[in-house]
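One structure is given here, and the rest of the page talks about it.
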Amino acid sequence: MFKRILVANRGEIAVRVIRACRDLGIETTAVFSDADRTALHVREADHAVAVGPPPAAESYLQIEKIIAAARATGAEAIHPGYGFFSENAGFARAVAAAGLVFIGPPPEAIEAMGDKVASRQLMASAGVPVVPGSPDVLTDEAAVRAIAREIGFPIMLKASAGGGGKGMREIHREDEIASALRAVVGEAKSSFGDSRFYVEKFLRQPHHVEVQIIADTRGHTVHLFERECSIQRRHQKVVEESPSPFITPMLRKAMGEVAVRAAKAVGYVNAGTIEFLVDADRNFYFLEMNTRIQVEHPITELVTGVDLVKEQIRIAAGEPLSFTQRDLSQRGAAIECRIYAEDPVNGFAPAPGRIDSMRIPTGPGVRVDTGVQSGAEVPIYYDPMIAKLAIWGRDRAEAIARTRRALDEFAIVGELRTNIELHRWLMNHPRFIAGDYDNQFLENEYHPAARTDADPMRLAATLMAAVAAHRNHADTARDGDRPPARASAWKTAARLELMRR
Ligand code: MV4
């Protein structure tokens, strides 16, 4: 087993990987930008190396600096987390060339799954169902017309190099083809430097359901069931749950088997996720594979009892999986709420800033993964996700009740804004409670005016808390004390509850 691992990431996922290393008795090296000098992941690691200025392109995305940091601190392996270098075949190769171990899949698997058309072809030939559409890259408008006549409208035009919702357009009529084509080619060129495109049948209001897989170097590949990820906004996941309330036991078994077949077809090793679209008739189709540990992995850990990050490290060290498919089952239900530093009242714009004080929920079934703490500054340079609330219950109803309780305990006070109110709204929505939602639900139903902090009793309670905090300060202050360095409790309360109206 490794003695020391470098964690090539920041925030909650860096802390998550450091925890897995601690559990395995492995030392860690953190890397940090100038904006993260005092960040939690730096405090938690055994060693830490500065890698440059705040912009990720000048620090966390500098291959040479990361590898030099591993060398300088004697790390033998590098865990990329998610984002940054996690799906970069060039980085994986550079790590290996430096005599270090990349804790992730082989670079060939990353590459094979990075190209949409190539991965569609590979999956189709392996017997994995793909959305009906063009078998190959298309070259012109006439080819799009021909496919559309064959499979019928509506269709979806997608950039071959696309992902995350960029470079795709719905087309409902023949006369929309030309303008959609211009839009997709333009976006594909500017975002990916690759203007190739293809066509799929457009599925109406599908579910996004993904299957976690994991494979060792000894030829064992298993799946760890599904995550329902249809609660999204502008291609940003907001809540995920496992099991999916939309999936039947038969479908679950079929999707799990197909996911394992897909992983084997690309020679996959380590943890990965097969994304499917499931249509209203519960037909499922391969969409893409994520060749990394994902943000939402904790809900799979909660229902299966498997520590996925620990398994990733063991696999990279050449050890066999510590379980077989028959050992795995879904026990109970888990829900993850992504807490973003964003302002729902201001079009969900990122709203980072200082956290004056934070209360993290605890209690039965509660897990919080975060990279910040009271007094921390959420930097403007990175992803605005600041915490993940992952809840387990014996069944879905218990998980929802516990999520509501934990959200009520959660308090983040400071100059930043968060989407906690959105989660409180969602956990009380009759359709979420009934498990009756698809990928349009959040965008169609959530309007920040519906937020529950407009409740006058909540405002009264916050003001009373501010009075109590103010009195407490007055009672304990002595002559010669300096005034509070930060805004008074009065000002904080006013900012929280009044100024955002
Ligand atoms: C689709 C689709 C409908 N039909 N493909 C969005 C992100 C990208 N990974 C794939 N996406 C979609 N592809 C076909 N053929 C609808 C979406 C889609 C979506 C999928 C899952 C969850 C949320 C979504 C929101 C908008 C569009």
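Can you list residues whose amide H is under 5 Å from Asn419's amide H, if they're 5+ apart or on another chain and H is modeled 1.01 Å from N?
Residues meeting the amide H criterion: Tyr340, Glu342.
Give the ranking of Leu224, Leu302, Leu100 by solvent-accessible surface, highest area first, calculated with a 1.4 Å probe. Walk me through the numbers on the way to the answer.
Details: Leu224 0, Leu302 50, Leu100 20 Å².
Result, largest first: Leu302, Leu100, Leu224.
Given 0.36 nm per residue, what is the gain on full extension from Asp327 to Arg22 after removing their alpha carbon distance, in nm?
Computed gain between Asp327 and Arg22 is 107.3 nm.
How high is the FRET efficiency between Thr38 and Arg233 when r is their beta carbon distance and R₀ equals 25 Å, given to the nearest 0.05? Kindly include the intermediate steps, with their values, before the conclusion.
Working: r = 31 Å, r/R0 = 1.24.
For R0 = 25 Å, the calculated efficiency reads 0.20.
In the neighborhood of Val199, defined by Cβ-to-Cβ distances under 14 Å, what is the net charge if each Lys or Arg adds +1 and each Asp or Glu adds -1?
That sum, taken over residues with Cβ under 14 Å, equals 0.
Nearest 0.05, what FRET efficiency do Thr139 and Glu319 give at R0 = 56 Å with Cβ-Cβ as r?
Rounded to the nearest 0.05, the efficiency is 0.75.
Mean residue ellipticity at 222 nm from the helices of the chain, using -39,500 (n - 2.57) per DSSP H segment of n ≥ 4 over the full residue count, to the nearest 500 deg cm²/dmol? Please report the intermediate quantities before stating the final value.
Details: 17 runs with 179 residues, N = 501.
Computed ellipticity for the chain at 222 nm equals -10500 deg cm²/dmol.
I'd like the carbon and sulfur percentage of the solvent accessible area for the range 214-288, probe radius 1.4 Å, heavy atoms only, ligands and nucleic acids excluded.
Summing carbon and sulfur atoms, their accessible area is 51 percent of the total for the range 214-288.
Ordering Arg233, Arg282 by how much accessible area each has at a 1.4 Å probe, largest first, what is the list?
Arg282, Arg233
Starting from 0.36 nm per residue, how many nanometres of slack lie between Ala50 and Asp408 once their C-alpha separation is accounted for?
125.1 nm
Please state the relative contact order of the range 204-331 as a whole percent: Cα pairs under 8 Å, 6+ residues apart?
Once normalised by length, the contact order is 30 percent.
With a 1.4 Å probe and every protein chain kept in, tell me what percent of the accessible surface of the range 341-447 is carbon plus sulfur.
C and S fraction of accessible area: 48 percent.
What are the chymotrypsin sites (Phe, Trp or Tyr not before Pro) within the range 1-106 that DSSP puts in a loop, where the Cβ has at most 10 other Cβ atoms within 10 Å?
Loop-located and lightly packed - none at all.
Determine the gain in length on full extension of the stretch Ala126-Ala460; use 0.36 nm per residue of separation and subtract their C-alpha separation, reporting nm with one decimal.
Here the answer is 114.1 nm.
Once the Cα atoms of helix 63-73 and of the chain are each reduced to a long axis, what angle between those two axes, in degrees from 0 to 90 to the nearest 10, is obtained?
60
Accessible area per residue for the range 204-331 in Å², computed with a 1.4 Å probe and the full protein assembly in place, what is it?
Accessible area per residue: 35 Å².
Which FRET efficiency value, to the nearest 0.05, do you get for Ala434 and Lys189 by plugging their Cβ-Cβ distance into 1/(1 + (r/R0)^6) with R0 = 35 Å?
0.20
Using a 7 Å offset from Cα along Cα-Cβ at Lys166, what residues in the range 371-411 end up with backbone N under 17 Å from the label point?
Zone members listed by number: 382-384.
Considering only lysines 8 or more places apart in sequence, or on different chains, count the pairs in the chain whose C-alpha atoms sit under 22 Å apart.
19
The values are calculated or read from the model by the stated rules, or taken from the named source; none is laboratory data. Note that the coordinates shown come from a computational prediction; the quantities given were computed from them, not determined experimentally. Positions of Cβ are backbone-derived with ideal geometry, glycine not excepted, and every protein chain shown enters the neighbour counts. With ligands, DNA and RNA removed, areas are computed over all heavy atoms of the protein, side chains included. Shrake-Rupley method; radii C 1.70, N 1.55, O 1.52, S 1.80 Å.
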